[in-house]
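Only the coordinates and a few stated rules stand behind these numbers; no lab work does. As the structure is a computational prediction, the values presented were derived from the model and not from experiment. No Cβ is skipped: glycine too gets one built from the backbone with ideal geometry, and neighbour counts run over all protein chains shown.
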Amino acid sequence: MRDWISDLLIFSAGITGGILIAHLKPYLQSTGIQRTEMRARILADLKERHNEEILQEAFRTTEAIRGELTKSLQTLRNTVTTALDPITEPHDDESGPTIQLSDPIESHRSTL
């Protein structure tokens, strides 16, 4: 008789365990899905922040390059203005005899 009661208790415990697992399984799965969704949102936020940082760095670099180009353009303008402006008054002490230079390509052809 003792064996019959223990078998009945084990059977009842098995049924009860199965019912508990059946009720808890959807809860545990929904928790897992919520965790997965939360991880996906966190990763998406991290990726967005990373992309924003990359864009900010690109804008900073672009501004630095633009500043350097502006300086170079101003220097080039000053150089071109200085090179193209004719000297209106030659100074006697700085001006020496003018030497006419021939075209180096033409002089090289004449020696051949």
Quick calc: nm separation of the 7 Å Cα→Cβ label points for ALA83 and SER12 -> 10.5 nm
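At a Förster distance of 41 Å, what's the computed FRET efficiency of LEU55 paired with THR31, Cβ-Cβ distance as r, to 0.05?
Step by step, r from the Cβ atoms, then E = 0.70.
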Please give me the summed charge of the neighbours of ASN78: other residues whose Cβ is under 14 Å from its Cβ, Lys and Arg +1, Asp and Glu -1. +1
How far is it, in nm, from the label point at ILE19 to the one at TRP4 when both lie 7 Å from their Cα along the line to the Cβ? 2.4 nm
LEU69 to ILE42: extension gain in nm, 0.36 nm per residue of separation minus the Cα-Cα distance? 5.7 nm
Environment charge at ARG60 (Cβ cut-off 12 Å; Lys +1, Arg +1, Asp -1, Glu -1): -2
